[in-house]
Structures are given as C-alpha cells and as structure tokens.
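The structure under discussion appears below in the form of structure tokens.
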Amino acid sequence: MADEIANSFLNDFAKTKQGNDTIFSCWARYQQAISDGHDAVNGTIGALLENDGSLAINQTVDRFVRNSPPIEIAAYAPLKGLPEFLDLAVTLALGDARDELESIGVHHTATASPGGSGALYLAAANYADRGSKVLLRDRHWGPYDGFLAGCGLEIATYPLLGESAGVDIDSLKSQLDELSSSQNRVMSWLNDPAHNPTGLSLTAEERMSVLRAFVDAAMSNEEVGYTLLIDAAYHLYAKEPHGWAETITDALHDGMEWPANLLITFAISLSKSHTVYGLRGGALVTIHPDQAVVDRITTVMGVTGRQTWSASSRLAQYSIAKIHSDQESGAAWSDEKTRLTEILQQRRDLFIAACDKYGVPINPTHDGFFAWLEHHDAKSIVEKCASDQVYLVPLNGGVRIGLCAIPTNQIERVAKSLSKALQV
Ligand SMILES: Cc1ncc(COP(=O)(O)O)c(C=O)c1O
C-alpha cells in the first residue's frame, strides 16, 4: 500500500530503482559483525585501508586541502573547471606521452566533474543516442548500469576474457560490427588498467588490438561516430598508468591514421589516486586530432555540467592542482602514492600465492584495488565466507575481493575461507 502511494509520485524510471547498493550493504554487515564482537575481515569496500583498518590518507593532499585559502573553499569554480586543474587533468590522463601526442597534432579538452562518476555521466549524457546501446565488458562496475539507464541508454556486453585469458578481441569486434550496423553512434566503456572488480590490466599488445578494432570499425563505417572511453579510476596505482596514451602514441608513430569519426576520452577520478573520495574531484578528458572537435566538446560538456551539478568542487581542483604545480609537493604526493601502491601489490602477491596454495581458481589480476573469483553462485560463496567472518561482495558472475580493505596479515585467511566455501 505504502509502495503504491509512493509510486503515484514516481516516474517509470524512478520505479526501477531498488534496494541498497550491494557493496554498501555488505560493508554494513561487516560493521555489524565487528560491533557484535567478531574477529571479522573486511573485503567489502572500494577504499584503500591501512593494515589497521583506517582509511589510507595521502598526507600531502590532506595538508594542501587544509591549508587552502578561504576563498578557494568558499567560491564557485569556473563552470568548466579551474584552468590549472584542467591542465593537470590532461597530464593525469596522458602522463609523459602528453607532449608527444601534442607534437603530433592530437588536441585535448578537459571538463571538471564531481569525481569519476561525474565524468562518466558527462560521457553518457552526450556521446550516445538515447535508446542506443553502450558496449561494456560483461564484468563491470555495477553503477555503470545506473548511469547509463539514467541517460536512457541500454547495454551490450562482450566477455571479460577470451579463450587465452586475455582480452576477448573477437567478441569485441563482432559486437562493434553489430552496433555499427544498427546505431549512428557507438560508445564503449573500458575500465583499464586496474579493472574494478577484477584487478585485470590489459597488456600493451591487448591495448593495441582494442585500439585497432575501434580504428577499423571507424574506417569501415564513416557515417558512425565512435567513442572509446577509458575509465581511469584506478590507473595511478597500476604498473602502466598511462599505457593507453602510450599505445595511442605508438600506433600513430607506426602510421595508424586516426579516423575523424573516432573520439577517445578518459574519465579521471581523484578519489583514489589522491585519497579524496568525499571531495568529489574528477574530469573528463577528450582527445582528437581536430581542434574544432575538441572546442565544440568543451562547450557541450561545460553546459552539461552547468545543467546538472552547476560547478564542481573548487577546493578539490585548487588543492590538487597546487600540489602538482610544485616539484617538491608533487614528489611528496607521489612518494605516498608509491607506498600505497606497494601495500596493494604486497596484498595481491600474497593473495595470488595463497589462492594457488589452497586451489582457489581466481581470475587473472594485476593492479589496483580488487581481485575476482568467477562463480555462478556468488551469493552462496559469500555467505559461506561470512560464516567464517570473512566479508566479501557477491556481484553478477562472481565474488569481488577487496584487497584494498583487507589487512595484509588477513589475506591468507581470505584465500582459505574461499577454498573452504568452494568445497562445501
Ligand atoms: C570503475 C570505477 N569507475 C569510476 C569510479 C568513480 O569514482 P568517483 O566518482 O568516486 O571518483 C569508481 C569508484 O569506485 C570505480 O570503481
């Protein structure tokens, strides 16, 4: 009855919104176990925790945020973002390849956004036709579904892994073919490197094959506009943080023609790289060989931000740009990021070794915050682990193991619990 009354106010899309976010409800369960006095392990949340369970905070960032002048906290940011921050966002997306790409005529534009989520929204709102399908891998970050549905978009998928445990390039190509024949615009989102939820990173060769698949599709269908979005939410914790910019540079040097109907865009998030999850900093960085194209995109994205959230957080933009404007503070941020990357690497190495020891068939996993166990009944695995006081997240097709949250000395216990859960 109460539902019926509520529904009388809600539109059809609002009515599809159900329940709690799975990840946050798993985290709540872990917290309940702790307050009930259990010796519980938290493998639930997507935030990097120190081994004592506290949130890892990059102290350089914290210092710069706290010492920001009142005006930088209180004032609006320019609608498209602070110029110094937009410039930094391009460097965060392209790394050292930036200069080279600029010198060979690749142009860029950046728009500030509330986190990487805001950047994904900007892309969803503008780079695909309502009612069309956006191409994802079948294992992807759950909120993608909602961002896309909210913009009237549907989803097409291809498998995370092919036969050889690398990117499933044949399925990607056949999906691109199919979408190219039925849509005027084709957008694909790829969370790489350090994929959530698996920790997978493509190799340089795989990146090149993916890029070629998009270039070939664009060359063969000149009337269709293609957008390849690289979701770089975790890239600065990966071994090849700017692999995509390097692959694009290599391809252009090898003589690849950049088709005019192909756009490449990066969703940048400061949440993890700068440990400012709550400050909501991010940007959408788009590159293309034609300056007029990026100029037009600058306008469209600025207007979209204005019509959605007004301006993004000035404090996030100001403080992070300030850190990177100075060599000493930039290096201090980087040292801390290296320390955090090493914690993740140590946990991952231990987890891979322990899974090997206990016969847990985890997916290939390389970088970032997560590891993944593919399983048809993820919920039952997660329940069995919960009875050992090991809390993980059941998602579509498998179990997400939040290495980012698990204390290093509890990693073996998680692998053991998974092994037990798989046996019973
Ligand atoms: C795959 C992926 N993309 C994007 C984001 C965006 O993060 P935020 O909006 O906090 O910057 C996240 C955060 O968890 C993520 O996991």
Next item on the list: Jot down the radius of gyration and Dmax of the chain, Cα atoms only, both in angstrom.
Entry: 21.6, 65
Next item on the list: Go ahead and run the numbers for FRET between Val424 and Thr308, Cβ-Cβ distance against an R0 of 51 Å, rounding to 0.05.
Entry: 0.60
Item checked: Exceeding the 29 Å Cα-Cα cut-off - candidates Lys239/Lys322; Lys15/Lys80; Lys239/Lys384; Lys173/Lys337 -> Lys15/Lys80; Lys239/Lys384; Lys173/Lys337
Check: So what is the accessible area of region 333-379 per residue, in Å², with the probe set to 1.4 Å?
Finding: 47
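Would you rank Ser54, Ser417, Ser325 by solvent-accessible area, highest first, keeping every protein chain in place and using a 1.4 Å probe? It would help to have the intermediate numbers written out before the result.
On the way: Ser54 50, Ser417 5, Ser325 90 Å².
Final ranking, largest accessible area leading: Ser325, Ser54, Ser417.
Carbon-plus-sulfur fraction of the accessible area of the chain, 1.4 Å probe, in percent? Before the final figure, lay out each step's value.
Details: 9220 of 18320 Å².
Whole-percent figure for carbon plus sulfur exposure: 50.
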Checklist line | region 77-325, accessible area per residue, ligands and nucleic acids excluded (1.4 Å, Å²) | finding: 36
Notebook entry, point to check: Can you give the charge dipole size of region 77-325 about its Cα centre, rounded to the nearest 20 debye, using +1 on the beta carbon of Lys and Arg and -1 on the beta carbon of Asp and Glu?
Noted result: 1260
Next item on the list: Take each uninterrupted DSSP H stretch in the chain, measure its Cα extent along the helix axis, and return the ones at 30 Å or beyond whose mean Kyte-Doolittle hydropathy is at least 0.0.
Entry: none
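Do the sum for the chain: with -39,500 (n - 2.57) for every DSSP H run of n ≥ 4, divided by all residues, what is the mean residue ellipticity at 222 nm, to the nearest 500 deg cm²/dmol?
Value at 222 nm, helices only: -15000 deg cm²/dmol.
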Margin query: Compute a Gaussian network model of the chain, connecting alpha carbons closer than 10 Å, and tell me which residue from Asn20, Asn396, Asn409 fluctuates the most.
Written below: Asn20
Margin query: Cut-off under 25 Å on the C-alpha distance; same-chain residues fewer than 8 positions from Lys17 excluded. Which lysines are left, in chain and number order?
Written below: Lys133, Lys379
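The values are calculated or read from the model by the stated rules, or taken from the named source; none is laboratory data. Given the structure is predicted, the values throughout are model-derived calculations rather than measurements. Here Cβ is always computed from backbone atoms with ideal geometry, including for glycine, and neighbour counts include all displayed protein chains. To get the accessible areas, we keep the full protein, side chains included, count just its heavy atoms, and leave off ligands, DNA and RNA. Shrake-Rupley method; radii C 1.70, N 1.55, O 1.52, S 1.80 Å.
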